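Colleague: Quick one: the structure is below, and I'll ask about it shortly.
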Amino acid sequence: MIFGKIKYLMEKFNLIIIGLLIILFGCNQDNINKKKQETVKSKTDTLVHKNSDSISINEPTQEPADTLLTDIESFSDNFIFEIVYACENNFFQKKFYNCPKCYLRYEAIKALIKSSNDFRKIGYKIKLFDCFRPFKVQEEMWKTLPDRRYVANPQTGGSIHNKGAAVDLTLTDLSGKNLDMGTEFDYFGPESAHSYSNIDTICIYNRRILKEIMEKNGFKSLESEWWHYTYISKNKYKNANKIFECN
């Protein structure tokens, strides 16, 4: 009789011990899961910057508004810069910009980065000649050369460049060597037209590749200038006079 009671008490004691172990194990597992969730959250709280690098941030950041006029170098380092109006080596032989910056509307930047990624897949890079052009610069250009064949008249609306939605560019190989486009940038003659065919086959091919990928990503070409592309936007941008933030 006594032996039976002892056995009964031992069984209850074992059940209590097992129950306590289950509770402790469950709490420990909850802590592990919580830590895993915190780790995942910390990994998602990052900002993808310049196409390849990630930097940690302490607070959630919002993506810029599509209409924001901003510096493309803040979002990608996959471009080559030869901003011609930041020096005197250009069509006007005059310097107009304080520094070689490329500002565009953010929605145009996103589309240009997509184009850049497509070009890099086939061994090319984008070289930028001109992007946003302050309206005051447009007025200076017109004073220097008041000829509508070469310069958009600011009195009749100016250029899409003044709105931050146009870009002048070419292609290079991955080492930075320019592809042959048949003419130099800012060569104002019939040879610069997309439809001009009396040039080498390789030049026609290069222009076609440039046009196809740019148009695929939301840009419109200009028939008379193989280098000029306008981002097609539903936003009606006005001329701007943003000052470049030089380093």
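Colleague: Please verify whether region 201-211 includes one or more residues that are over 27 Å from the mean Cα position of the chain (by Cα), of a type outside the set (A, V, I, L, M) and closer than 21 Å to I122 by Cα.
Modeller: Yes: region 201-211 contains one or more residues that are over 27 Å from the mean Cα position of the chain (by Cα), of a type outside the set (A, V, I, L, M) and closer than 21 Å to I122 by Cα.
Colleague: Sticking with this structure for a sec: Looking only at region 223-236, filter to residues that are more than 13 Å from A165 (Cβ to Cβ) and touching a strand residue (DSSP E or B) at 6+ places or on another chain (Cβ under 9 Å); which one of those is surrounded by the most Cβ atoms within 10 Å (Cβ to Cβ)?
Modeller: W226
Colleague: If you don't mind, another one. In region 222-247, which residues are within 19 Å of the chain's Cα centre (by Cα) and not in a loop (DSSP other than H, G, I, E, B)?
Modeller: Within region 222-247, W227, H228, Y229, T230, Y231 qualify.
Colleague: For region 170-179, name all the residues that are assigned to a loop (DSSP other than H, G, I, E, B), surrounded by 15 or more Cβ atoms within 10 Å (Cβ to Cβ) and of a type outside the set (A, V, I, L, M).
Modeller: If the condition is that a residue be assigned to a loop (DSSP other than H, G, I, E, B), surrounded by 15 or more Cβ atoms within 10 Å (Cβ to Cβ) and of a type outside the set (A, V, I, L, M), then no residue fits.
Colleague: Based on this model, can you work out whether C99 counts as closer than 21 Å to K242 by Cα, touching a residue at least 60 places away in the same chain (Cβ under 8 Å) and either touching a strand residue (DSSP E or B) at 6+ places or on another chain (Cβ under 9 Å) or among the hydrophobic types (A, V, I, L, M, F, W, C) (or both)?
Modeller: yes
Colleague: Regarding Y196, is this residue within 24 Å of the chain's Cα centre (by Cα) and either in a helix (DSSP H, G or I) or modelled with pLDDT of 95 or more (or both)?
Modeller: no
Colleague: Could you check how many residues of region 83-100 are surrounded by 19 or more Cβ atoms within 10 Å (Cβ to Cβ) and of a type outside the set (V, I, T)?
Modeller: Residues meeting the conditions: 3.
Colleague: Let me ask something additional. Just name the residue that is nearest to the chain's Cα centre (by Cα) out of those in region 162-193 that are among the hydroxyl-bearing types (S, T, Y) and within 30 Å of F135 (Cα to Cα).
Modeller: Applying the filter and picking the extreme gives T170.
The values are calculated or read from the model by the stated rules, or taken from the named source; none is laboratory data. Please read these numbers as outputs of a predicted model, since none were measured by experiment. Because the Cβ atoms are built from the backbone with ideal geometry, glycine has one as well, and the counts that use them run over all protein chains shown.
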